[in-house]
Amino acid sequence: MRNNSKKYIKNLLDSLEPLEPIPTGVKPSYSKDESIKAVIFDIYGTLLISSSGDVDQAEISEENLKTALDASGIKIIDGKQSTMDYILSDFDCTINVCHDAGRMNNLPYPEIDILSIWRIVLIHAKRKGLIAIEKDVDISLMTCVFEFLSNKVSIMPGLKEVIFTLKENRIPLGIVSNAQFYTPVLMNYYLYNKISMKERIKGFDKELTVFSYKLGKGKPDQALFNELLPALKWKYGILPSEVLFIGNDMLKDIYASSQVGFKTVLFAGDKRSLRMRKDDIRTKSLKPDYIIDHLEQITKIV
């Protein structure tokens, strides 16, 4: 990504109206746990407030698409309104086709790579003569702008304080998140006020970081959590029972992480994203080890 693209993204994120968490009314329940040696986080709905509640529930619109296309220099030929309708429809269709293909290959929770999806969709539109794309067009910029406008996010209160405190205490930190290439962009912006296109988040161990789009699998697939086990064992000598996982979804976070032996914290800090999953048989009788409604309460556990 070029420097002018990074500047555009920085200005865009700076201009977004901050979100505030909506109280859930869920009562916190936690205590000191001396056994914890590593902390792993979910991102959307846990470390970041998500306007739609989750990364895969964005509200797409023609207005956001037009802004994203303009930002990256992709021109709509003749300004046809039907072009916008076609692109958004093809976007949804291509995602569904990729999900169906994943399920046919025995992936219960397939994940897409959003950048690849947009490349396919834009090629389709170009072949139909609907848009004009220059050779040096920055599709990653277009994707970031569209996604940041479609699912607005803000920093969860206490994010910086808890991450920096855990780092000072030399607690290994990791991530397991249903995420895309732009997720580290958001995290590095909110933690350090910098735009970086590196696919890692400063302060988190790369070997303890798992993004769904890289594996082609999404939570609650336990494969994402299993990815952490070798590094936890061989790099740190840490057992699964000594790991604390924090997330806002009883199925995707609490159930899935508990299946590999992690201790669990349900983050009940924002009504938009709290998912209790009471109708799912896997979570009906499941209880997290701890419940918090503010991130800084983690430092009362670890």
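The values are calculated or read from the model by the stated rules, or taken from the named source; none is laboratory data. Just so it is clear, the model here is predicted, and its values are computed rather than measured. Because the Cβ atoms are built from the backbone with ideal geometry, glycine has one as well, and the counts that use them run over all protein chains shown. Each accessible area value is taken on the protein alone, full model and side chains, heavy atoms only, with ligands, DNA and RNA left out. Shrake-Rupley method; radii C 1.70, N 1.55, O 1.52, S 1.80 Å.
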*If amide H atoms are built 1.01 Å from N in the plane of the peptide, which residues on other chains or at least 5 residues away come under 5 Å of the amide H of Phe245?*
Ile40, Lys263, Thr264, Val265
*Determine the shape class of segment 253-302: with a ≥ b ≥ c the square roots of the Cα gyration tensor eigenvalues, call it rounded for a/c under 1.5, and otherwise prolate if a/b is greater than b/c, oblate otherwise.*
oblate
*Among the aspartates and glutamates, which have Cα under 12 Å from the Cα of Lys300 when same-chain residues fewer than 8 positions away are ignored?*
Asp33, Glu34
*Hey, can you grab everything whose amide H is under 5 Å from the amide H of Ile175? Only 5+ residues off in sequence or another chain; H modelled, so Pro and N-termini drop out.*
Phe41, Thr209, Val210
_Which of Val260, Leu65, Ile76, positive extreme of dipole for the chain (C-beta unit charges)_ = Val260
*Could you run the Karplus curve 6.51 cos²θ - 1.76 cosθ + 1.60 with θ = phi - 60° over segment 219-229 and give me ³J(HN,Hα) per residue in whole Hz, x for Gly and Pro?*
4, x, 4, 5, 4, 5, 6, 4, 4, 7, 4
*Viscosity 0.692 mPa s, temperature 37 °C: Stokes-Einstein D of segment 138-239 from its Kirkwood Cα radius, in µm² per second?*
220
_Before I look further, what does the chain give for accessible area per residue, probe 1.4 Å, in whole square angstrom?_
47
*Under the rule of -39500 (n - 2.57) per DSSP H run of 4 or more residues, summed and divided by the residues of the chain, what mean residue ellipticity at 222 nm is obtained, to the nearest 500 deg cm²/dmol?*
-11000 deg cm²/dmol
*So what are segment 1-156's ellipsoid semi-axes, whole angstrom, largest first, if each one is the square root of 5 times an eigenvalue of the alpha-carbon gyration tensor?*
34, 21, 15
*asked:* Could you work out what % of the accessible surface of the chain is carbon and sulfur, using a 1.4 angstrom probe and leaving DNA, RNA and ligands out of the count?
replied: 49
*Ranked by how many other beta carbons lie within 10 Å on average, peptides 173-184, 112-123 from highest*: 173-184, 112-123
*Could you give me the radius of gyration and the Dmax of segment 219-280, taking only the C-alpha atoms into account and expressing both in angstrom?*
12.4, 39
*Between Glu296 and Met104, how many nm apart are label points set 7 Å from Cα along the C-beta direction?*
5.3
*In whole Hz, what ³J(HN,Hα) sequence does segment 40-49 give by Karplus (6.51, -1.76, 1.60; θ = phi - 60°), x for Gly and Pro?*
10, 10, 7, 10, 5, x, 10, 8, 10, 6
_the chain: relative contact order in percent, alpha carbon pairs under 8 Å with at least 6 residues between_ = 29
*asked:* Let me make sure I get this right: for segment 188-302, a, b and c are the square roots of the gyration tensor eigenvalues over alpha carbons, sorted descending. Under 1.5 in a/c it's rounded, otherwise prolate if a/b > b/c, else oblate. Which is it?
replied: rounded
*What area, in nm² and to one decimal, does the C-alpha convex hull of segment 58-115 cast on average over all directions?*
4.7
*Return the subset of Lys32/Lys206; Lys32/Lys202; Lys252/Lys287; Lys37/Lys278; Lys233/Lys284; Lys27/Lys202 for which the Cα-Cα distance in this structure is over 20 Å, preserving the input order.*
Lys32/Lys206; Lys32/Lys202; Lys37/Lys278; Lys233/Lys284; Lys27/Lys202
*asked:* Through the Karplus equation 6.51 cos²θ - 1.76 cosθ + 1.60, θ set to phi - 60°, convert the phi angles of segment 5-21 into ³J(HN,Hα) values in whole Hz; use x for Gly and Pro.
replied: 5, 4, 5, 4, 5, 4, 5, 5, 5, 4, 7, 5, 5, x, 9, 10, x
*Here are some values of Cα Rg over 2.2 N^0.38 Å: (1) 1.03; (2) 0.94; (3) 1.21. Which one was computed from this structure?*
(1)
*Residues with amide H under 5 Å of Ile131's amide H, sequence separation 5 or more or different chain, H placed in the peptide plane at 1.01 Å from N; which?*
Ile77, Lys126
_Please compute the modelled spin-label separation between Asp33 and Asp85, points set 7 Å along Cα→Cβ, answer in nm with one decimal._
5.2
*Using 0.36 nm per residue of separation minus the Cα-Cα distance, give me the extension gain between Ser61 and Leu239 in nm, one decimal.*
59.5 nm
*What is the magnitude of the charge dipole of the chain about its Cα centre, with +1 placed on the Cβ of each Lys and Arg, -1 on the Cβ of each Asp and Glu, and no other charges, expressed in debye to the nearest 20?*
640
*Please figure out what share of the DSSP beta bridges in the chain is antiparallel and state it in percent, rounded to the nearest 5.*
25
*asked:* Multiplying the sequence separation of Arg200 and Ser116 by 0.36 nm and subtracting their Cα-Cα distance, what value in nm do you get?
replied: 28.3 nm
